[in-house]
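Notes to accompany the following structure.
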């Protein structure tokens, strides 16, 4: 159930979102992998620092429609979805804060729709798929989900939770072979903070380094938590750096 401070709506054309009132420009939260906007619940609303806040389920996840196509263009369509959401909510330009797959979508949105983006905060994102990562994901897919995992994903996605997970695993182990957006990120002009862990196995440091090369004005901040969730493992530092980044982008 959504926290009591949230106003929830479904936009007419598609994705499910939740928002809180606040000052402009808004902060938009993008969830990781096969998760949903619920991944941000314990950061809301303070992560926005009093700004208007929007969190949403990417198409194919959570309470959004299941009409996503899980192929090499998925993240590009996600970026276009986000651009449409920002326009319909009159929420542009917005600060985009994304984790993992959500971080990739945030940067692609900045590259494809620069006028809609005030800043980007990338947390443990990806710019390509390398074979060791694909093999790691293949090995991590259990033959049978535990009862605890099943209950968690059922809460996030509903009755078809297992199909949602299958779609995501197929994307990262088959459909994204050869995928690489390094060159596209050269079009990013928004102030960019790259938050990445130097021991992340699910998003190895090479991804942050590639994004940093493509976006020379980006600030790369290395965390040392040994995790794919550095913003959770070192929450205090992350929130301090995010607060500074948003304020700097606005001045």
Matching residues, the range 180-212, being farther than 26 Å from residue 94 by Cβ and in contact with a strand residue (DSSP E or B) (Cβ under 7 Å, 6 or more places away or on another chain)
180, 198, 205
From the set of residues in the range 100-133 that are touching a residue at least 60 places away in the same chain (Cβ under 8 Å) and part of a loop (DSSP other than H, G, I, E, B), which is surrounded by the fewest Cβ atoms within 10 Å (Cβ to Cβ)?
130
How many residues are surrounded by fewer than 17 Cβ atoms within 10 Å (Cβ to Cβ) and more than 19 Å from the chain's Cα centre (by Cα) when one looks only at the range 241-251?
5
Return a yes/no flag: does the range 134-152 have any residue that is without any contact (Cβ under 8 Å) to a residue 24 or more places away in the chain, in contact with a helix residue (DSSP H, G or I) (Cβ under 8 Å, 6 or more places away or on another chain) and surrounded by 13 or more Cβ atoms within 10 Å (Cβ to Cβ).
yes
Does residue 185 qualify as being assigned to a loop (DSSP other than H, G, I, E, B) and within 19 Å of residue 75 (Cβ to Cβ)?
no
Residue 133 - would you say it is within 19 Å of the chain's Cα centre (by Cα), more than 23 Å from residue 245 (Cα to Cα) and at pLDDT below 95?
yes
Lone unmet requirement of (1) surrounded by fewer than 18 Cβ atoms within 10 Å (Cβ to Cβ); (2) closer than 23 Å to residue 36 by Cβ; (3) modelled with pLDDT of 95 or more; (4) in contact with a helix residue (DSSP H, G or I) (Cβ under 7 Å, 6 or more places away or on another chain) for residue 170
(4)
Any idea which residue in the range 1-19 is modelled with the lowest pLDDT, counting only those that are closer than 19 Å to residue 92 by Cα and not in a strand (DSSP E or B)?
12
Residue that is nearest to residue 59 (Cα to Cα), among those in the range 142-177 that are over 21 Å from the mean Cα position of the chain (by Cα) and assigned to a loop (DSSP other than H, G, I, E, B):
160
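Within the range 20-27, does at least one residue satisfy the condition of being assigned to a strand (DSSP E or B), surrounded by 18 or more Cβ atoms within 10 Å (Cβ to Cβ) and modelled with pLDDT under 95?
yes
Taking the residues in the range 84-99 that are in a helix (DSSP H, G or I) and touching a strand residue (DSSP E or B) at 6+ places or on another chain (Cβ under 8 Å) as candidates, determine which candidate is farthest from residue 174 (Cα to Cα).
It comes out as 86.
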Restricted to the range 50-83, and to residues that are part of a helix (DSSP H, G or I) and in contact (Cβ under 8 Å) with a residue 40 or more places away in the chain, which residue is nearest to residue 163 (Cα to Cα)?
74
Within the range 192-232, how many residues are surrounded by fewer than 17 Cβ atoms within 10 Å (Cβ to Cβ), touching a residue at least 24 places away in the same chain (Cβ under 8 Å) and assigned to a helix (DSSP H, G or I)?
2
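The values are calculated or read from the model by the stated rules, or taken from the named source; none is laboratory data. For clarity, every value in this text was computed on a predicted model and none was experimentally measured. Every residue, glycine among them, receives a Cβ derived from its backbone with ideal geometry; neighbour counts consider all protein chains shown.
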